[in-house]
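Notes follow the structure.
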Amino acid sequence: MGLDQYAYVSKNGKHDDDSRDIAYWRKHNRLQGWMENKYIDDGGKEQFNCVAVELTVEDMEQLEVVINNRMLPETGGFFFGSDSYSDYEDKEYGYKDDDLKFIDNARDELNKGNKVFYNCWW
């Protein structure tokens, strides 16, 4: 068990057979914290687990700044693992390159008129 996180393209917001994954993370707790804050800022009230969050071009711009400045929020949870900044920029084990690749992929999809979502399961 643990924190599994997905970014995907979907017409209906659901992570199902009609969606297409564009990113996957495992126990990237700081990204989880950023996405949960976005969910709350957007008016989300449920527990942030198995809830889709729609992402915009503006969200990708903000996230890129946060990532490049190492400002993802420290986030804990029983299933979230250790701090995801411990090896954040490590080329083999880190998240930074994957995060920036996700942002590029999400921008491409959004510029094509597709909808991009983030979802997690823990």
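Considering only residues that are among the hydrophobic types (A, V, I, L, M, F, W, C) and under 14 Å from the mean Cα position of the chain (by Cα), look in region 98-117 and name the one that is surrounded by the fewest Cβ atoms within 10 Å (Cβ to Cβ).
Just the residues of region 98-117 that are among the hydrophobic types (A, V, I, L, M, F, W, C), to begin with: 100, 102-103, 106, 110, 116-117.
Next, only the ones that are under 14 Å from the mean Cα position of the chain (by Cα) stay: 100, 102-103, 106, 116-117.
On the way: 100: 14, 102: 23, 103: 19, 106: 25, 116: 24, 117: 21.
My answer is 100.
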Need the failing condition index for residue 19 against (1) under 14 Å from residue 117 (Cα atoms); (2) within 11 Å of the chain's Cα centre (by Cα); (3) surrounded by 17 or more Cβ atoms within 10 Å (Cβ to Cβ), just the number. (2)
Restricting to region 22-42, name every residue that is open to solvent by 20 Å² or more (accessible area, probe 1.4 Å), hydrophobic (A, V, I, L, M, F, W, C), outside any strand (DSSP E or B) and in contact with a strand residue (DSSP E or B) (Cβ under 8 Å, 6 or more places away or on another chain). none
Where residue 45 falls short, out of the listed (1) farther than 14 Å from residue 117 by Cα; (2) open to solvent by 80 Å² or more (accessible area, probe 1.4 Å); (3) in a helix (DSSP H, G or I); (4) among the charged types (D, E, K, R): (3)
Restricted to region 80-95 and to residues being touching a Lys or Arg at 6+ places or on another chain (Cβ under 9 Å) and either of a type in the set (Asp, Glu) or outside any loop (DSSP other than H, G, I, E, B) (or both), the residue most open to solvent (accessible area, probe 1.4 Å) is 89
Hey, does region 68-79 have a residue that's in a helix (DSSP H, G or I), out of contact with any helix residue (DSSP H, G or I) (no Cβ under 6 Å at 6 or more places or on another chain) and open to solvent by 60 Å² or more (accessible area, probe 1.4 Å)? yes
Can residue 56 be described as open to solvent by less than 80 Å² (accessible area, probe 1.4 Å) and within 24 Å of residue 14 (Cβ to Cβ)? yes
Show the residue pairs that are 6+ apart or on different chains and have beta-carbon atoms under 7 Å apart, the first residue being within region 98-120 and in contact (Cβ under 8 Å) with a residue 60 or more places away in the chain and closer than 21 Å to residue 39 by Cα, the second being among the acidic types (Asp, Glu) and open to solvent by 40 Å² or more (accessible area, probe 1.4 Å). 115/54; 117/54
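The values are calculated or read from the model by the stated rules, or taken from the named source; none is laboratory data. Everything numeric here is computed off the predicted structure, so don't read it as measured data. As a convention, Cβ positions derive from the backbone with ideal geometry for all residues, glycine included, and neighbour counts pool all protein chains shown. Protein only, heavy atoms only, side chains kept; ligands, DNA and RNA dropped before computing areas. Shrake-Rupley method; radii C 1.70, N 1.55, O 1.52, S 1.80 Å.
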